[in-house]
Amino acid sequence: MTVNPSIDPARLIEEQLSQASPDLLRELLTLFINTLMSAEADAVCGAAYGTQSPDRTNRRNGYRVREFDTRAGTLDLALPKLRSGTCFPEWLLERRKRAERALTSVIATCYLLG
């Protein structure tokens, strides 16, 4: 499973609205969180996924699938694994409490504003 490191907002919204899925918010949250974690792993590694770079300090080693419970439902997230060290999303956890309230609010606001 690979996660695209960037999001094309126009294409994403068009695809999601054409499907008119009842799980739209949950799917958008999953995509947004996975993209942020992939970008964080790229920063830790020193190079984007699948690219060669002399500045690379680490390499990816697949993904761990973890469930993340939110008010929008349970999300299946792909946490990137690294060959050495960890890439745990500290921004996702807030002193052992999930900081999904703010994240859900941001995604809902972005969705409503277009």
Just name the residue that is modelled with the lowest pLDDT out of those in the range 32-84 that are in contact with a helix residue (DSSP H, G or I) (Cβ under 8 Å, 6 or more places away or on another chain) and aromatic (Phe, Trp, Tyr). TYR49
Looking only at the range 51-65, count how many residues are within 14 Å of the chain's Cα centre (by Cα) and surrounded by fewer than 12 Cβ atoms within 10 Å (Cβ to Cβ). 2
Every residue in the range 14-49 that is free of Cβ contacts under 8 Å to residues at least 40 places away in the same chain and in a loop (DSSP other than H, G, I, E, B), please. ALA20, SER21, PRO22, GLY46, ALA47
Within the range 85-112, count every residue that is closer than 13 Å to LEU29 by Cα and either modelled with pLDDT of 75 or more or outside any loop (DSSP other than H, G, I, E, B) (or both). 13
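The values are calculated or read from the model by the stated rules, or taken from the named source; none is laboratory data. These figures come from a predicted structure and were not determined experimentally. Because the Cβ atoms are built from the backbone with ideal geometry, glycine has one as well, and the counts that use them run over all protein chains shown.
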